[in-house]
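Derivation of every value follows stated rules applied to the coordinates shown; laboratory data play no part. Because the structure is predicted, anything quoted here is derived from the model rather than measured. Please note: Cβ atoms are built from the backbone with ideal geometry, for glycine as well, and neighbour counts cover all protein chains shown.
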Amino acid sequence: MREIVFDTETTGFDPKTGDRVVEIGCVELVNHIATGQTFHVYLNPERSMPRSAFEVHGLSDEFLADKPKFAEIAQDFLAFVGEARLVAHNAEFDFKFMNAEFARLGLPPIGNERMVDTLALAKRRHPAGPNSLDALCSRYGIDNSRRDLHGALLDSELLAEVYVELLGGRQAALGLVTEDASRSRRAGDAGATHRGPRRRPTPLLSHLSAAEWEAHRAFVGKMGEKALWGKYLDDPTIADG
């Protein structure tokens, strides 16, 4: 399953009053795993940047002056997202702005049936909050130290990690731990029988041949530098045995 986690930065809060998109960042997930494929662009909004918006994302009129207009990148964006589901934090805001930009060009809107709102997911899972992106990064131990200002690509990368955690974490996403077992552990049910896999005290070495290992390395290399599986290429437990 292909999904696109995305974020926008804008000149304000309401496209109906003339606010525009000034940055788009997208991260591709396949089966909830980042592939390393991204889409990122800064945009000339064809209007001045309010001081209040500049203080949020730091994108000035001078910086954006020579950037492309939305009309110049609209088809590139649509080609990148394809038919994938679109994941965003407070997704209605981002959909509202993107669809306003499409409407200016006479293009059809992106349907809400493709929307996945991580803010709504977070509120269901953590009703007491807080559920801002920063708060969720802190809750799940995700490093957001680079986030001095809002930035669409960085925020999308962080949100992609948060999204996987909201779905139950990486192991749950890979089907390695049942939700019932997870609930039992959270509840401290010492008497329950947990049938999820247990980690070996000493991991077994792989029995891959050198040729098989090199083929695997080449395959992972095609996923891009940010692919999750690249982190395991030098793991001694999966090296040639």
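Relative to the current alpha-carbon distance between Ser52 and Glu214, full extension at 0.36 nm per residue lengthens the span by 53.1 nm. When Leu119, Leu107 are arranged by Cβ crowding within 10 Å, least crowded first, meaning fewest neighbours, the order is Leu107, Leu119.
Relative to the Cα centre, the charge distribution of segment 1-143, modelled as +1 at Lys and Arg Cβ and -1 at Asp and Glu Cβ, gives a dipole magnitude of about 480 debye. Counting every Cα pair in segment 2-173, what percent are over 28 Å apart? Roughly 20 percent, once rounded to a whole number. Annotation: the antiparallel percentage among DSSP beta bridges lying fully within segment 2-173 is about 75. The residue list Phe95, Pro68, Thr35 was ranked by how far each Cα lies along the charge dipole of segment 2-173 toward its positive end, using unit charges on Cβ atoms, and Phe95 comes out on top. Less than 28 Å apart at the alpha-carbon level, and either on another chain or at least 8 residues along: which lysines does that give for Lys222? Counting by Cα, and skipping residues close in sequence, Lys222 has these lysines nearby: Lys231.
With R₀ fixed at 30 Å, the C-beta to C-beta distance from Val116 to Glu62 puts the FRET efficiency at about 0.25. The residues Lys69, Lys16, when put in order of fewest to most other Cβ atoms within 10 Å, stand as Lys16, Lys69.
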